[in-house]
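Working notes for the structure below.
Readers should treat all values here as calculations from the given coordinates under stated rules, not as data from a laboratory. Only a predicted model underlies this, so the values are computations on that prediction, with no experimental measurement involved. When we count neighbours, we look across all protein chains shown, and the Cβ atoms used for this are built from the backbone with ideal geometry, even at glycine.
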Amino acid sequence: MNDHVIEEMADVISTELRVPNEDVLRILHHYWQDKIAPLWQVGDLLETALNAGIPITKDDAVAVLKDLFEGHDPELGITWITLEVDLHEYHLDWKRLPEDRYPEVQGVFKMWRKGNLIAHQVGLFPNHIHGNLPKALALAKSLADETPNVPILIGCEPRHSEEIEPWLSVVREEDCIHVEESEETCTR
């Protein structure tokens with residue numbers, strides 16, 4: 001086990017049990033001295049999702065990681081590629097996501113009018129990736145108000161690519177705005 005992981009464990013245990021950190025560190029180092037274990041954290045899955053431009057919440061990332069662990073082949077192990085493959089099977093259930101959880105969706109979002117190359121961005125890699133969805137939706141609704149009946153597409157930008165698939169579509173129709181998962185397959 002890596003020293004920094006043992007230190008994280010010791011910090012949590014010593015705080016929770018109110019025992020000296022040095023004692024817990026000594027015990028954990030002794031325990032792990034003849035063992036190894038690969039460790040995948042939810043942060044690894046969130047980073048992989050961010051790199052791929054897949055909108056995801058931390059709770060969903062925890063569930064994906066648990067499912068991955070329970071279903072993996074121990075002879076093959078878990079790798080970065082395994083995380084990527086499992087994430088491409090994941091889909092954020094937009095219809096079931098309550099509005100108060102929108103800020104939990106991680107991502108950098110781009111919005112553009114269907115058929116227009118000009119895009120607006122909300123968020124920035126690597127530090128401004130949280131809480132962007134409500135801002136992106138507000139901007140998309142504003143753009144939809146300017147051009148009724150023209151879809152405003154929202155996509156989650158991959159970290160290392162300009163290729164963005166539309167995820168949501170925002171349309172002003174008469175006296176209401178519709179936000180739905182996009183059925184568009186084209187990029188900007």
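So the values come out like this:
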{"item": "Distance (nanometres) between label positions extended 7 Å along Cα→Cβ at Thr147 and Val62", "result": "4.1"}
{"item": "Over the range 23-132 - Rg/Rh using Cα atoms and the Kirkwood inverse-distance radius", "result": "1.10"}
{"item": "At most 16 other Cβ within 10 Å, DSSP loop - trypsin sites (Lys or Arg not before Pro), the range 72-129", "result": "Lys114"}
{"item": "Computed label-point distance, nm, for sites Asn127 and Lys35 using a 7 Å Cα→Cβ extension", "result": "3.8"}
{"item": "Theoretical FRET efficiency, 1/(1+(r/R0)^6), r = Cβ-Cβ of Asp11 and His120, R0 45 Å, to 0.05", "result": "0.60"}
{"item": "The chain - mean residue ellipticity at 222 nm from DSSP helices (-39,500 (n - 2.57) per run, n ≥ 4, rounded to 500)", "result": "-13000 deg cm²/dmol"}
{"item": "Using a Förster distance of 25 Å, the FRET efficiency for Arg96-Ala138 (Cβ separation, nearest 0.05)", "result": "0.75"}
